[in-house]
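J.: Starting off with a structure, shown below.
Where a number appears in this text, it was derived from the coordinates with a stated rule and is not lab data. These numbers were taken from a predicted model, which means no experiment stands behind them. No Cβ is skipped: glycine too gets one built from the backbone with ideal geometry, and neighbour counts run over all protein chains shown.
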Amino acid sequence: MTKATKNKTNKNVPKRKLARILWIACPIVLVGLAVWLILAYGASSATPPPSGNSTGPADRVDIVYFHRTARCYSCRWLEAGTNYTVNTYFADELTSGRLTFQVINIDDEANADIAEKYGAYGSQLFINTIKDGTDHIEQATDVYLLIGREEAFVTALKNKIEKCLNGES
């Protein structure tokens, strides 16, 4: 091996070691970041868990849709689908006050208290079943999978609201 070849080979050794380290470190860092994001934003929530201790119909059910100022198609669709479902199938309950529907911009400082109560941080739909003066807040995550599928969305949300009104949730 000539002196020139030997020097060239030695210069590449640190680059190969660095490449190996990066191939190992990058996936570990990405997995760690994903776990942190899930724990920080997905699993932890200030939302109290739903409780099924009391029986009988709910005193009131509050449907609360939170959104940010900048909104995507899905965010707008979720609001429109919820509005349609609530106003089409629960007009009597809305009139009597047994059911309420609110659309709240989470970016507005005036809404900070209600956002904190629900543990909201983005585009989210909550159903709060109030029994005996106690809030039973539940995030309606299952309806997100039905965005764009109007009939399935309306049926799922309608059934969920009916169960809450009847005290079955």
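J.: Using 1/(1 + (r/R0)^6) with R0 = 45 angstrom and r between the beta carbons of Thr155 and Lys17, what's the FRET efficiency to the nearest 0.05? Kindly include the intermediate steps, with their values, before the conclusion.
T.: On the way: r = 58 Å, r/R0 = 1.30.
For Thr155 and Lys17, the calculated efficiency is 0.15.
J.: Among Val103, Val64, Val143, which comes first, second and so on when ranked by fewest other beta-carbon atoms within 10 Å? Please list the in-between numbers first.
T.: Working: Val103 12, Val64 23, Val143 20.
Going from least to most buried by this count: Val103, Val143, Val64.
J.: Between Asp107 and Lys163, what is the label-to-label distance in nm when each label sits 7 Å out along the Cα-to-Cβ direction?
T.: 3.4
J.: Arrange Glu116, Glu109, Glu79, Glu162 by Cβ neighbour counts within 10 Å, fewest through most, would you?
T.: The order, fewest Cβ neighbours first, is Glu109, Glu116, Glu162, Glu79.
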